[in-house]
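These notes are about the structure you will find just below.
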Amino acid sequence: MISAALTLAGLSLLGMLLLIWAANRYPEDQETLPALIDQMLPQTQCAQCGYAGCRPYAEAIAQGAPINRCPPGGEALIKQLSDQLNRPVLPLASDVPNTAPKQVARINEPACIGCTLCIQACPVDAIIGAQQMTHTVIAGACTGCELCLPPCPVDCIDLISLDETVGTASLKPAPSESRQPCIRCGECEPHCPKGLAPHMLFLHRSSETVAEDWGLNDCIECRWCDRVCPADLPLTQIFRDMKEIEQSRVTAKNEANALLTRFEAREKRLSADQSRLKTRPGPGDANTLLTKIRVKQS
């Protein structure tokens, strides 16, 4: 009887610990459809889709809005949203700008008059400077959203195209293919020194979760699978290309998370500024206070 009670108490405690861990590991907002969609968006906050930012667009998509209105995400994002939401793949909407190579803003500093209008327009606080002082752009934080261009009264901001060294998987070459298909013999699996299933890696090479599901990053590229493959598939080269694509995906996701963090920090700062302005005494309040002080002194 006592052992049963202790077992039940232990299971209850374990369940509570698991619930606490899950609450910290997976916040509730991350499980909502708008939040999941928002994680797929590039977080440029450029508003080219017609919405105020990536989160509003994600909420609109969750309510049925078109999935083809994000120029920075382009065709790769449309396909990803299509796969995740079970919607048809559409071409990029005709009323939004075309997808362009990554750009960053550059300020012609000698021409800058220090008006701070571009600083106020930047959604990720990528421009620094002070009133009547030269401004400059933090290139690593700039999303190329173009929102700083219209406010500039002296047109001293240009957009400079950058070569995409890392980015979404759509910018990388497809994994090397072979003229012959995998015959699913499984001959490669027992020869893998890391205990992987190379044929399954090959068959799931287009999956975005292949690294997590089949241990892609554990492959040491020893070429044993190449030697024993009866179809002569260049598996090692294919896995090497897949790793590059996976790294591109991870890098793009980390960049998007960093941009989202900057955007949320800016929104929080602006909200705090608005709160301070609302609670700041106005001229009428100051005059009333002075009158009360004078009455007391008299």
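The values are calculated or read from the model by the stated rules, or taken from the named source; none is laboratory data. Predicted model, so just to flag it, every value in this text is computed and none were measured. Virtual Cβ from ideal backbone geometry, glycine too; neighbours counted across all protein chains shown.
In table form, for the structure just shown:
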| quantity | calculated |
| --- | --- |
| In segment 112-139, residue nearest to Lys102 (Cα to Cα) [restricted to those that are out of contact with any Cys (no Cβ under 9 Å at 6 or more places or on another chain) and assigned to a loop (DSSP other than H, G, I, E, B)] | Ala139 |
| Sole exception among (1) modelled with pLDDT of 90 or more; (2) under 30 Å from Ser206 (Cβ atoms); (3) surrounded by 15 or more Cβ atoms within 10 Å (Cβ to Cβ) for Cys122, by number | (2) |
| Residue in segment 66-87 that is without any contact (Cβ under 8 Å) to a residue 24 or more places away in the chain and of a type in the set (Asp, Glu) present | yes |
| Residue in segment 86-106 that is surrounded by 18 or more Cβ atoms within 10 Å (Cβ to Cβ) and more than 18 Å from Met40 (Cα to Cα) present | yes |
